[in-house]
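The values are calculated or read from the model by the stated rules, or taken from the named source; none is laboratory data. Everything numeric in this text was worked out from a predicted model, so none of it was measured. Ideal geometry is used to build each Cβ from the backbone, glycine not excepted, and the neighbour counts take in all protein chains shown.
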Amino acid sequence: MNTFAVVLLTLLAGVLVGVATNMISEKAKEHSSFPVIAGLIAAAFVALVLVQINGAPTSSTGELTPQPPGTETPQPSNSPPTTNPPSTPPATPTPAQPPVQATSILDLPVTDQETNSLIDLEETDASSINGTAYARTLRYECNLYCNGSSPQVFEVTLGKKFSTFTTSLGVLDTKNGEHRIDISLDQGDPVIYTANPGPPTEITLDVKEVSRMTIRLYAPNELKSPLQAGVDSTIGENGGDLPGVALADPVVLP
């Protein structure tokens, strides 16, 4: 409360006290108990004025006395309300892709062929080419003489289920000469490959949308008849022109 208000209230309280005192002196003559009542009313009024004047505690310089720590009146905050960012769901781990499964053409359906065209073909568990043993091979090999004709034919059904054919074409470590094979996809023109003793020839073919694959394996020279082979064996000439070639690990990939 400022100084002007304090002075004004003090003057007003003095006037009222004076009026009350005058009334008391007049009424006291008529009633013996009135002075007590009037005194109480005057005292209450003065006490009220003093309370209004001294309502807020002040220091000796007239400033408001600081409140003890922890009793400050909280002030409204002008800061915008804090909103938590939306939580990000944990990333779902990508499942590991299963390894690509290769299928050996030796496990696929084979079409029927004339007997002489496949009698000398053999599916073997092991063949040695350039010093390396291969687990599964399609081998064309004759000893002394061949039972069938050249070429030998191996036709397998792919059924448009595969994308790539791979194999290693090599001459067996016990044979000599240059060997040739042809590979045809459906009714397409044959693709020709050759192999000689030593490192094998690597073959990769695109077989997407292919129904059948036909492989023809040729002898390095004209085949001998069994009679001629017997004569040559008698005079010690035999074996140099007989076939000995293999397709090592022939597989198709999905």
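Here residue 148 does not qualify as surrounded by fewer than 21 Cβ atoms within 10 Å (Cβ to Cβ) and at positive phi. The set of residues in the range 114-129 that are surrounded by 16 or more Cβ atoms within 10 Å (Cβ to Cβ) and either more than 15 Å from residue 169 (Cα to Cα) or outside the structural domain of residue 170 (by TED's automatic domain parsing) (or both) comprises 117, 118, 120.
This table checks each residue for (1) in a loop (DSSP other than H, G, I, E, B); (2) touching a residue at least 40 places away in the same chain (Cβ under 8 Å).
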residue: 205; (1), (2): no, yes
residue: 209; (1), (2): yes, yes
residue: 216; (1), (2): no, yes
residue: 227; (1), (2): no, no
residue: 245; (1), (2): no, yes
residue: 248; (1), (2): no, yes
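Put simply, of 234, 214 the only residue that is out of contact with any helix residue (DSSP H, G or I) (no Cβ under 8 Å at 6 or more places or on another chain) and under 17 Å from residue 117 (Cβ atoms) is 214.
Residue-wise test of (1) closer than 18 Å to residue 106 by Cβ; (2) modelled with pLDDT under 95; (3) acidic (Asp, Glu).
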residue	(1), (2), (3)
160	no, no, no
167	yes, no, no
182	no, no, yes
209	no, no, yes
215	yes, no, no
226	no, yes, no
237	no, yes, yes
240	no, yes, no
249	yes, no, yes
